[in-house]
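Read the structure below first, then the notes.
The values are calculated or read from the model by the stated rules, or taken from the named source; none is laboratory data. Since the structure is predicted, the reported quantities are computational estimates derived from the model, not experimental observations. Note: ideal-geometry Cβ built from the backbone for every residue, glycine included; neighbour counts use all protein chains shown.
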């Protein structure tokens, strides 16, 4: 008598190259998901896929290509939860590995792509160096609050430039000047890539405060200041909805206050123009709109 013992081999690992940063699932975890969706069904040969996940302003974005005997499928997925992208990729891979289900899919007509407008709130803290506000370059800090759509943003920024002194040639005599301001700005900031490069225009209203130094009966004087400016920034997203901001901005003064000390004449007049270099951290949060989207497209003969 001859006894034959058949030992079932474990299913081969799917040919899927998965690249995603933490805290996304690992490649091993995605492979386990593929096996789960396969449910023990035999795998077709000549099926492989590549999938890459990156952080975006909205959450996570995945770009994948799945190659099967019947053609190549390109997939773009977006979601605020990277685990959703991993699960969807594993399910698509399992479908392609199962030949019967793969032939039944109606992929020639692409699934709908959800492009519903999405509105974000944003808060950004920033600091840097400013010229054209005080007699010499000064440190500046501030907060911005705003709304961001798919390609545009509107902001209100509150800023403060620290005091710098203007002297009249007599040691210890002059004016200490500082300024607080509010800025309304609009930016064009397409979210098609990483990083983003917002192009902005703004109108800034400030109050320039000056107090005499080294003189009797010194009082603080406040004068309005007005300027129009343009700027370009760069945002690098280090986590979904958290980005590092760097900006260069130039302004032209429309209203230039001056400060006078009695008996000495004009001590300081606001410069006609200035520049600022600012850096900060921006945090976004979803206010309205869909949180995910899906696109799939098949190209035959690949």
Quiz item: When the range 25-76 is examined, which residues are found to be outside any strand (DSSP E or B) and within 28 Å of residue 286 (Cα to Cα)?
Solution: 25, 26, 30, 56, 57, 58, 59
Self-check item: Where residue 42 falls short, out of the listed (1) modelled with pLDDT under 80; (2) surrounded by 13 or more Cβ atoms within 10 Å (Cβ to Cβ)
Solution: (2)
Practice problem: Specify which of the listed residues (234, 207) is within 17 Å of residue 135 (Cα to Cα), surrounded by 14 or more Cβ atoms within 10 Å (Cβ to Cβ), touching a strand residue (DSSP E or B) at 6+ places or on another chain (Cβ under 7 Å) and in contact (Cβ under 8 Å) with a residue 12 or more places away in the chain. | Solution: 207
Quiz item: Any residue in the range 77-84 that is buried (at least 16 other Cβ atoms within 10 Å of the Cβ), without any contact (Cβ under 8 Å) to a residue 40 or more places away in the chain and not in a helix (DSSP H, G or I)?
Solution: no
Practice problem: Identify, from the list 117, 111, the residue that is at pLDDT below 70 and surrounded by 12 or more Cβ atoms within 10 Å (Cβ to Cβ). | Solution: 111
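Matching residues to (1) out of contact with any strand residue (DSSP E or B) (no Cβ under 9 Å at 6 or more places or on another chain); (2) modelled with pLDDT of 80 or more:
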site	(1), (2)
49	no, yes
53	no, yes
61	no, yes
75	no, yes
78	no, yes
97	no, no
100	yes, no
107	no, no
